[in-house]
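S.K.: Please read through the structure below; I'll follow up with questions.
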Amino acid sequence: MEYDPTQPKWQQIADVLRERINSGEYPPQHLISEVQLESEFEVARVTVRKAVRALREEGRVVTTPGMGSFVAESDAGE
């Protein structure tokens, strides 16, 4: 992925994840793997966590301690 230097990387990653959720590529209950995203986007874990946190604040992702982050059942963004 080529990053736009005018926007934070975490925001651009959140946009990609949001699109994957909206398109159904990431269905409800899909595990959002920080390790996989860190490798895919070639960024630090903290960057991935900021992106996931933004989606959690929008209600698109639910995080369960000890289990991980999952796509929410009902998408609050629609």
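S.K.: Can you put Val71, Val16, Val35 in order, fewest other beta carbons within 10 Å first?
M.R.: By the 10 Å Cβ count, ascending: Val35, Val16, Val71.
S.K.: Using Cβ counts within 10 Å as a stand-in for footprinting exposure, how do Ser23, Ser39 rank, fewest first?
M.R.: Exposure proxy ranking, most exposed first: Ser23, Ser39.
S.K.: Shifting gears a bit: With the cut-off at 1.5 for a/c, could you classify region 9-71 from its C-alpha gyration tensor as rounded, prolate or oblate?
M.R.: The shape class here is rounded.
S.K.: In addition: How big is the dipole moment of region 9-71 about its Cα centre under a simple scheme where the beta carbon of each Lys and Arg is +1, that of each Asp and Glu is -1, and everything else is neutral? Debye, nearest 20, please. If you can, show how the numbers build up before the last one.
M.R.: Details: 9 positive and 9 negative charges, 46 e Å.
Its charge dipole is roughly 220 debye.
S.K.: How many angstrom lie between the C-alpha centres of region 24-74 and region 1-20?
M.R.: Each part's Cα centre sits 14 Å from the other's.
S.K.: Right, something else. Kirkwood hydrodynamic radius of region 1-42 from all distinct Cα pairs, in Å?
M.R.: 11.2
S.K.: Along region 2-16, what does the Karplus equation 6.51 cos²θ - 1.76 cosθ + 1.60 (θ = phi - 60°) give for ³J(HN,Hα), rounded to whole Hz, x for Gly and Pro?
M.R.: 9, 8, 7, x, 8, 10, x, 4, 4, 5, 5, 5, 4, 4, 5
S.K.: Using θ = phi - 60° and the Karplus form 6.51 cos²θ - 1.76 cosθ + 1.60, what ³J(HN,Hα) does each residue of region 47-54 get, whole Hz, x for Gly and Pro?
M.R.: Once θ is set to phi - 60°, the couplings for region 47-54 become 5, 5, 5, 5, 5, 5, 4, 4 Hz.
Each value in this text was obtained by applying a stated rule to the coordinates, not by laboratory testing. None of these values were measured; they are calculated from a predicted model. Counting neighbours? That spans all protein chains shown, and the Cβs are built from the backbone with ideal geometry, glycine included.
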